[in-house]
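Here's the structure we're looking at; comments come further down.
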2 protein chains.
Amino acid sequence: MKISPWAGFFLPTAIAILVPSTSFGQTTPSSVAFVNNLMPQPASVSAAPGRFLLTPQFSASTTAFHNSRLDAAIGETMHQLRQKTGVSFAEQSASGGPGSQLTIAVQGAGEEIQSVDEDESYTLSVTPTGIRLEAATVVGAMRGLQTLVQLVQPSGSEYELPAVSIRDSPRFPWRGLMIDCGRHFEPVDVLKRTLDGMAAVKLNVFHWHLTEDQGFRIESKLFPKLTTMGSDGLFYTQQDVAEIVRYARERGIRVVPEFEMPGHSTAWLIAYPELASDRAPESIRREFGVSDFALDPTREETYEFLQRFLGEMAGLFPDPYVHIGGDETVSPEWKTSPRIQAFMREHQLKDSEALQAYFNQRVLKILTGLHKHMVGWDEILNPALPKDVVIQSWRGEASLVKGAEQGYQGVLSAGYYLDGMNPAKDYYLADPLPSSAPLTPEQRKLVLGGEICMFGEHVYARTIDSRVWPRTAAIAERFWSPEKVTDVDDMYRRLDVVSVQLEALGLHHLSQEDAGLRELAGTEHIDELRVFASVLEPVGFHERYDQQKTSQLTVLDRFVDAVRPDPPSRYEMERLTHDFLKGPKTDTADRDSLRRWFEDMAASVPAVERQMTQSPLLAEVEVRAQQLPGLATTGLEAVSFLSSGTKAPVGWKVRKLAEIEAARKPAGIVRFTFVDPLAALVNAVQE
Amino acid sequence: MKISPWAGFFLPTAIAILVPSTSFGQTTPSSVAFVNNLMPQPASVSAAPGRFLLTPQFSASTTAFHNSRLDAAIGETMHQLRQKTGVSFAEQSASGGPGSQLTIAVQGAGEEIQSVDEDESYTLSVTPTGIRLEAATVVGAMRGLQTLVQLVQPSGSEYELPAVSIRDSPRFPWRGLMIDCGRHFEPVDVLKRTLDGMAAVKLNVFHWHLTEDQGFRIESKLFPKLTTMGSDGLFYTQQDVAEIVRYARERGIRVVPEFEMPGHSTAWLIAYPELASDRAPESIRREFGVSDFALDPTREETYEFLQRFLGEMAGLFPDPYVHIGGDETVSPEWKTSPRIQAFMREHQLKDSEALQAYFNQRVLKILTGLHKHMVGWDEILNPALPKDVVIQSWRGEASLVKGAEQGYQGVLSAGYYLDGMNPAKDYYLADPLPSSAPLTPEQRKLVLGGEICMFGEHVYARTIDSRVWPRTAAIAERFWSPEKVTDVDDMYRRLDVVSVQLEALGLHHLSQEDAGLRELAGTEHIDELRVFASVLEPVGFHERYDQQKTSQLTVLDRFVDAVRPDPPSRYEMERLTHDFLKGPKTDTADRDSLRRWFEDMAASVPAVERQMTQSPLLAEVEVRAQQLPGLATTGLEAVSFLSSGTKAPVGWKVRKLAEIEAARKPAGIVRFTFVDPLAALVNAVQE
């Protein structure tokens, strides 16, 4: 029987947390146990005495403005509360119903088309007799309703909301998640559940990366060949787009479409080779990386095409922003074609960068005519462009700062690339606009926020959830909450809670791992495989690409696709080792937990190795199964030396550290989560 | 560390299975290891020497007839093979491509509208150099392609198909699954993945229960109030219906719609009270069970309405059969209303049954005019009806036999009610037409097959998969394979394999359990809770209804909703106990497995009880957590007495059997899976 050392680890303690350790603003002493599980943390939380009990009589009503969008949000909230508590109160909300326990006072609808400036603030007051939510806009009310759901906590045999007063508004107005649907197509239901998750953690921009070298994913009625020839049949119809836009709006989320140009455009050029810079591709590009095809910036036909295409798209997406990509444009013809060179001389464009700036200016003119603002990746930054474009920085904060200094608005994405497979804490601690950034107050306002990026090389419908969640929730807090909210321990505690909440909303990030392991093993009996897999995680994008040479045709059904980035074992082992090393080594609780941990790992291996003989795909990580028992033994020996105060024999440390280094080497496209803490244990041993 | 006693239990052995134990027909001795994982078992399997290796060069082509439906089926097969093996061969199929390794020879399209008589037979021949699939129809080819996918097995570091020759055709032409979407609505994606699962195990009728007292789930453009007033907004648009019909046809599955009449019709009557037998309901019925509202069989307006409504529906569903329900009709007015009584006298209808028969005759006339055959539950059986109606028997085999004796066609559903929460083996061993049935060969032909029923009182989108699967796969084998295929051990071995295959297709029956447990616990740390839950299963429909008094408004988020019927622990414990009791009790392997099993169960409890203090919903099964350690101790004591040959102290057995009886009593709406084997152990002890 595996009694996990973490059993009860994350359980909220029964002890009253009088003032949540991560709350801000005013706090009032109270005698009520308030377990602050909110993510993102509100700007200000004040606990008060007492609690509000959820009973079958629970009801909600709007006392001022309401519309169908607000009603739907209330209905969804009631539904979630019912599911969470099992209390069968009516799902429907009433308008102006007297005596309701939850009253929602909203001043007005808010903007007809949600802008960057939409007021998202709200106040939420819970007292023993009722709950009151106030907001200037429906979107603000939506944010407050999400907080309300997260406030519900068990109490004895019932569910309650602790009495509390919350004043909340976001730190940044642009809090985005980009999903690349070009390299791998993501079905509509995947996007919908992603939007559900975004709403739960108060993200407000869905950046929809719709075109790539590997696929053109949106139907154009004016240019149908874009999808008939460039999508393998995998694309969003205009009806799908309308549905996603509607679904997002019901959750207070803007949809910013991205049409990559002039590079990353192989899929356009298969359909319309006449738009290419002389040389057009012959088929959809299956390889990843930077292609050397680009739209031709020198022909008027290109702009006529874009005028019509973007005009059509502008009608589908109400958001005032359109993203034109603009990154990684490489076209040898821009340097070799006499025709293009002549054009450049004529227009005094000295190099490819200048030619692309010319292209961007032309596209900007089209977008301006369509009443749209332009967004693009770093590369579009050029003094030739006016100041109302938004730069999405993938190159790093320095690039964002540089833009702000020149007066450009910016959104930071460097630091938030999920395919780096970094632990949540790394993303969490990356601030889009640290106090230390060398910017004036005016320049600081130009930093609109941040965007999380999920590029699509190595994800598809059955794995994307576990790549996006729950890490995205931690980053969402970074974008919403005050800068000083940086307690990593508390973040991981709350991340476990919100992760399960997200699963209840319909995301599959937790269950996809077990499902993948079952498929690999060909049986539902995966007790040991689950333990083994719990200490392995996918390597980052580049390492995978190097090891596997992936293309769009690579089947994403490997062990690396089943396991999750930043599984609990990473943080838990870090914390356990840290506690053991900093405390008296004779503390038997920490020592025994560590021992059991290493014993469990080693014990899982024989059964896993048996399953590997029956599964070629599973056998791809056999090296890891061979390494694990040795690493576990090292851990047990280190704990034994440390807790008994014995010295290790001469040469032990060198040998063990070499073994750990060997385990860091690429194998099976996965890496162990615990080698750093293990090395720390070995290093602490005296020889 | 839990090393499950079942580790490797279900792994196919490395020893060559020369002739699969459950195959039939000709068999050829062979030296190739063929692990027969097929479900359903084909009519005839002959193993041959050698194997076909799956390589990146794998390709498929059609050599005779092909159409888009066949091409889609081949494309889906190639996709599944890629996912299963990770081998990146092209997904597309070629028509008439030379040198393909899989050749598919189909004689023709088959019926334009798939009928009960559609030819589903196929032959599949695998040799070391190629695979050949032959079928008369596209549907036959689909069945063969499913067999092909299931044949793929690991071999060293590769995947292969064993050389084999299969001749296959179904035992029964009507192999259905009914999903009740009336009591709880099931979204379109749930139905689609259900159809995927049905296709994988060769079921061919999706019986769509579309109307109930609790909801009218299909859009009528002629009578829109049916859904605006009778569905809570949860219904299928006509576009959804077209999509489901198309999706099913792409998988060789017929769609038979059911419109319940004249009873179970509350939802109709809210919208159109003028159709009621005098007294109309005021709101959607939330309670389950039999209502006392019914359509009025005595008014011409009723038939005018049905003529138009069924005419509209007939245009949506191409299948030649329409199900009119017809069960459980109770209307007090039929006995009390002077107007209705007068009508009955006038038409010489002596009782309510005769009145309903009159109604059925009138409806039959409408359906006949629409070129549809009528299907109904047992209650429609009446000599007044012509012989081309089909009786779906929920009352039992006797009723089916009675119908056949009178010349009616029948489909058996008694014995296949999934909400009974019976173990797979019970359903598996229920034969729709045992050799012993007292029928002539002509009468036997009238038994068309069987239908599995998933009634909707206690399921919704997040739990339905685990109620339907994998048990439905075992029943599908009953309907397809020869009568003599009845090896329960082998069925459970294969069910584990097919269950994981079904999950790979997108069903969530395995992952829903863990997801539910995580929600209940509010954390992803459920190692112990998972062990505890593994020996508990939902009680049957009636017991749940009695314990919980459920209605449509009951929130289905309890522990009972998370756990699965017939979890592996049931069969495993039965088998382990059986082996231990029949062998020498000193056999240490069985003894140790049993010991470890009981120890693991007991060890899970403390952590689970801690989690219960934090989760009111989880605490609802606290009684089971209190009972489990005692039962485990009893098991350990029994094993100890038996293996040491010691006698138990006087009174021990009585006390222990009483404890076991107490554990059988209702508690927490769940029951233990292992009390029967535990009682067998106790009973085997000598006092």
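The values are calculated or read from the model by the stated rules, or taken from the named source; none is laboratory data. From a predicted model like this one, the values you see are computed outputs, not experimental measurements. All Cβ positions, even for glycine, are placed from backbone atoms using ideal geometry, and neighbour counts span all protein chains on display. The accessibility values were calculated without ligands, DNA or RNA, using every heavy atom of the protein model including side chains. Shrake-Rupley method; radii C 1.70, N 1.55, O 1.52, S 1.80 Å.
Contact map, the stretch B:675-687: residues that are over 16 Å from B:Trp597 (Cα atoms) paired with residues that are aromatic (Phe, Trp, Tyr) and surrounded by fewer than 19 Cβ atoms within 10 Å (Cβ to Cβ), Cβ distance under 7 Å, separation 6+ or inter-chain. Pairs shown: B:Glu687/B:Trp652.
The condition of being in a helix (DSSP H, G or I) and among the hydrophobic types (A, V, I, L, M, F, W, C) holds for only one of A:Ala384, A:Ala357, that being A:Ala357. Looking only at residues in the stretch A:463-489 that are more than 15 Å from the chain's Cα centre (by Cα) and touching a residue at least 60 places away in the same chain (Cβ under 8 Å), the one that is most open to solvent (accessible area, probe 1.4 Å) is A:Lys484. Tally time: how many residues in the stretch A:179-189 are among the charged types (D, E, K, R) and open to solvent by 10 Å² or more (accessible area, probe 1.4 Å)? Selection size over the stretch A:179-189: 2. Within the stretch B:329-336, is there a residue that is modelled with pLDDT of 95 or more, in a helix (DSSP H, G or I), open to solvent by 10 Å² or more (accessible area, probe 1.4 Å) and of a type in the set (D, E, K, R)? Looking for residues that are modelled with pLDDT of 95 or more, in a helix (DSSP H, G or I), open to solvent by 10 Å² or more (accessible area, probe 1.4 Å) and of a type in the set (D, E, K, R), one finds none in the stretch B:329-336, hence no. From the list A:Lys335, A:Lys350, A:Lys372, A:Lys365, the lone residue that is among the basic types (Lys, Arg) and within 28 Å of A:Phe455 (Cα to Cα) is A:Lys372. For the stretch B:57-70, a residue qualifies if it is farther than 16 Å from B:Arg132 by Cβ and surrounded by fewer than 17 Cβ atoms within 10 Å (Cβ to Cβ), and the qualifying residues are B:Gln57, B:Asn67, B:Ser68.
No other residue among B:Tyr545, B:Tyr492 is aromatic (Phe, Trp, Tyr) and either part of a loop (DSSP other than H, G, I, E, B) or surrounded by fewer than 22 Cβ atoms within 10 Å (Cβ to Cβ) (or both) apart from B:Tyr545.
Could we say that B:Val459 is within 16 Å of B:Thr194 (Cβ to Cβ), buried (at least 23 other Cβ atoms within 10 Å of the Cβ) and within 13 Å of another protein chain (Cβ to nearest Cβ) here? Considered against the rule, which asks whether it is within 16 Å of B:Thr194 (Cβ to Cβ), buried (at least 23 other Cβ atoms within 10 Å of the Cβ) and within 13 Å of another protein chain (Cβ to nearest Cβ), B:Val459 comes out as no. Within the stretch B:601-642, the set of residues being within 35 Å of the chain's Cα centre (by Cα), in a helix (DSSP H, G or I) and among the polar types (S, T, N, Q) comprises B:Ser604, B:Gln611, B:Gln626, B:Gln627.
To keep it simple, each residue is scored yes or no on (1) out of contact with any strand residue (DSSP E or B) (no Cβ under 7 Å at 6 or more places or on another chain); (2) surrounded by 20 or more Cβ atoms within 10 Å (Cβ to Cβ).
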residue: A:Pro386; (1), (2): yes, no
residue: A:Gly396; (1), (2): yes, no
residue: A:Tyr416; (1), (2): no, yes
residue: A:Met421; (1), (2): no, yes
residue: A:Tyr427; (1), (2): yes, yes
residue: A:Glu442; (1), (2): yes, no
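Scanning the stretch A:609-641 for residues that are touching an Asp or Glu at 6+ places or on another chain (Cβ under 9 Å) and under 16 Å from A:Phe672 (Cα atoms) yields A:Glu622, A:Ala625, A:Gln626, A:Gln627, A:Gly630, A:Leu631, A:Ala632, A:Thr634.
Each row is one residue, and each column tells you yes or no for (1) within 30 Å of B:Gly233 (Cα to Cα); (2) open to solvent by 30 Å² or more (accessible area, probe 1.4 Å); (3) touching a strand residue (DSSP E or B) at 6+ places or on another chain (Cβ under 9 Å); (4) free of Cβ contacts under 8 Å to residues at least 12 places away in the same chain.
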{"residue": "B:Glu274", "(1), (2), (3), (4)": "yes, yes, no, no"}
{"residue": "B:Thr298", "(1), (2), (3), (4)": "no, no, no, no"}
{"residue": "B:Gln307", "(1), (2), (3), (4)": "yes, yes, no, no"}
{"residue": "B:Met313", "(1), (2), (3), (4)": "yes, no, yes, no"}
{"residue": "B:Phe343", "(1), (2), (3), (4)": "no, no, no, no"}
{"residue": "B:Gln348", "(1), (2), (3), (4)": "no, yes, no, yes"}
{"residue": "B:Lys372", "(1), (2), (3), (4)": "yes, no, yes, no"}
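Residues in the stretch B:513-537 that are more than 9 Å from chain A (Cβ to nearest Cβ) and β-branched (Val, Ile, Thr): B:Ile526, B:Val535. No other residue among A:Gly176, A:Gly197 is among the small types (Gly, Ala, Ser), part of a helix (DSSP H, G or I) and buried (at least 21 other Cβ atoms within 10 Å of the Cβ) apart from A:Gly197. Taken together, A:Ser604, A:Ser593 contain a single residue that is open to solvent by less than 40 Å² (accessible area, probe 1.4 Å), touching a residue at least 60 places away in the same chain (Cβ under 8 Å) and within 12 Å of chain B (Cβ to nearest Cβ), which is A:Ser604. Within the stretch A:139-149, at least one residue is within 14 Å of another protein chain (Cβ to nearest Cβ), at negative phi and either of a type outside the set (D, E, K, R) or open to solvent by 10 Å² or more (accessible area, probe 1.4 Å) (or both). Applying the criterion of being facing chain A (nearest Cβ under 10 Å) and outside any helix (DSSP H, G or I) to the residues of the stretch B:495-508, the residue that is surrounded by the fewest Cβ atoms within 10 Å (Cβ to Cβ) is B:Gly506. For the stretch B:72-83: of the residues being more than 24 Å from the chain's Cα centre (by Cα) and within 12 Å of chain A (Cβ to nearest Cβ), which is surrounded by the fewest Cβ atoms within 10 Å (Cβ to Cβ)? Among those residues, the one meeting the criterion is B:His79.
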